[in-house]
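Engineer: Can you read through this structure? Questions will come right after.
The values are calculated or read from the model by the stated rules, or taken from the named source; none is laboratory data. These numbers were taken from a predicted model, which means no experiment stands behind them. Every residue, glycine among them, receives a Cβ derived from its backbone with ideal geometry; neighbour counts consider all protein chains shown. The protein model used for the area step is the full one, side chains on, heavy atoms only, and it has no ligands, DNA or RNA in it. Shrake-Rupley method; radii C 1.70, N 1.55, O 1.52, S 1.80 Å.
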Amino acid sequence: MLVDGKWTEDWQPVQAKDEKGGFVRQISTFRNWVTPDGRPGPTGTGGFAAEPGRYHLYVALICPWASRTLIGRKLKGLEDAISVSVVEPVLTTQGWRFGDYPGATVDHVNGAAYLHQVYTKADPHMNGRATVPLLWDKKAGTAVNNESADILRMMNDGFGDLARGRIDLYPRARHEEIDAFNARIYPALNNGVYRSGFATTQLAYDEAFAEVFDCLDWVETELDGRDFLFADHPTEADIRLFVTLVRFDVAYHGLFKCNLRRVSDYGNLSAFCRRMLDWPGVAETVSFDHIKEGYYSIRSLNPAGIVPAGPAIDELF
């Protein structure tokens, strides 16, 4: 991790624990927003106006948080407006690395070897982990935002006429319902699988495990008779749900000990995943190879580094 801008410690998945031995996620560092006219967004400072080719997105295909933003970029038709660099899936002792692994790229903007070098360019005194996604301003030469929820929402309306896709990821009439759904699934499912996998006590694991499957059971019921959660197309709630579900059987079920049931054992959840993967552009953001290689490279959970042969990807969902 970074301490005052210097890499001082090998990468570890758990940087903080609560009093029960539960996993505590790092708070995002950069919280500025891109807006059509450059005015400040809900957090941070202004000056980040939507301009063609000005912004760059750093992502990992293993990461559900980064995948939220990749799907948002696809569905809003922002591929020409926002360029992308993809880190390698295998986590190194210095965290995310750029390279030539199939599906990964070099750092097209800053020429960094490791993502933490991009962070220290934005803040020479940075403390903490260098996480994905990271939205970068090529014009100002600095970070805009590294909170996936913010980036996904600004992609919906922050880029104005640069967005070719007309899907509304956050319909005004459904704000309260979407916000309530997001607030329920984040701790129990999106972060719940990590709380299960990185728990350091039986109590913390048992609590997280129960919440994961309570949430899956609830969403299975919520999807009964629906193609998508709050519209006739995917919204940000569907994206937030999908990025966890699509990784569940491949990684979380085994490596994170979330093994009571698989997503493929749920009829509605499985059908929902198929619909999301069939939606134009979504499947392009999913790499099961990166997901498996990346998660099973976490040495604290898989010291031998053996990547399982299954499940059969073409039989999922």
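Engineer: Looking only at the stretch 22-70, how many residues end up being on the phi < 0 side of the Ramachandran plot, of a type outside the set (D, E, K, R) and in a loop (DSSP other than H, G, I, E, B)?
Structural biologist: Here the count works out to 24.
Engineer: Among the numbered conditions (1) more than 20 Å from Ala149 (Cβ to Cβ); (2) open to solvent by 20 Å² or more (accessible area, probe 1.4 Å), tell me where Thr45 comes up short.
Structural biologist: (1) is the only condition that Thr45 fails.
Engineer: Does Glu236 meet the test of being acidic (Asp, Glu) and either at pLDDT below 95 or surrounded by fewer than 17 Cβ atoms within 10 Å (Cβ to Cβ) (or both)? Spell out the reasoning first.
Structural biologist: Working: acidic (Asp, Glu): yes; either at pLDDT below 95 or surrounded by fewer than 17 Cβ atoms within 10 Å (Cβ to Cβ) (or both): no.
Against the criterion (acidic (Asp, Glu) and either at pLDDT below 95 or surrounded by fewer than 17 Cβ atoms within 10 Å (Cβ to Cβ) (or both)), Glu236 does not qualify.
Engineer: Still on this structure, I have one more. State yes or no: is Glu177 open to solvent by 10 Å² or more (accessible area, probe 1.4 Å), outside any loop (DSSP other than H, G, I, E, B), farther than 16 Å from Thr69 by Cα and out of contact with any Ser or Thr (no Cβ under 9 Å at 6 or more places or on another chain)?
Structural biologist: So Glu177 fits the description; yes.
Engineer: Applying the selection to the stretch 64-74, what residues are open to solvent by less than 10 Å² (accessible area, probe 1.4 Å) and either modelled with pLDDT under 95 or not small (Gly, Ala, Ser) (or both)?
Structural biologist: Within the stretch 64-74, Pro64, Arg68, Thr69, Ile71 qualify.
Engineer: OK, next. Which count do you get for residues in the stretch 257-289 that are more than 13 Å from Phe213 (Cα to Cα) and surrounded by 15 or more Cβ atoms within 10 Å (Cβ to Cβ)?
Structural biologist: Of the residues in the stretch 257-289, 16 are more than 13 Å from Phe213 (Cα to Cα) and surrounded by 15 or more Cβ atoms within 10 Å (Cβ to Cβ).
Engineer: Follow-up question, since we're still on this one. In the stretch 225-271, what residues are in a helix (DSSP H, G or I), in contact (Cβ under 8 Å) with a residue 40 or more places away in the chain and over 25 Å from Ala309 (Cα atoms)? Explain how you work it out, then say what you get.
Structural biologist: So the first thing to find is which residues in the stretch 225-271 are in a helix (DSSP H, G or I), and the list is 236-252, 263-265, 267-271.
The next check asks that each one be in contact (Cβ under 8 Å) with a residue 40 or more places away in the chain; those that pass are 236-237, 239-244, 246-252, 263-264, 267-271.
Glu236, Ala237, Ile239, Arg240, Leu241, Asn268, listed by residue number.
Rundown of residues vs (1) part of a loop (DSSP other than H, G, I, E, B); (2) under 23 Å from Asn190 (Cα atoms), yes/no style:
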| position | (1), (2) |
| --- | --- |
| Gly72 | no, yes |
| Glu79 | yes, no |
| Thr105 | yes, no |
| Gly111 | yes, no |
| Val132 | yes, yes |
| Trp136 | no, no |
| Met154 | no, yes |
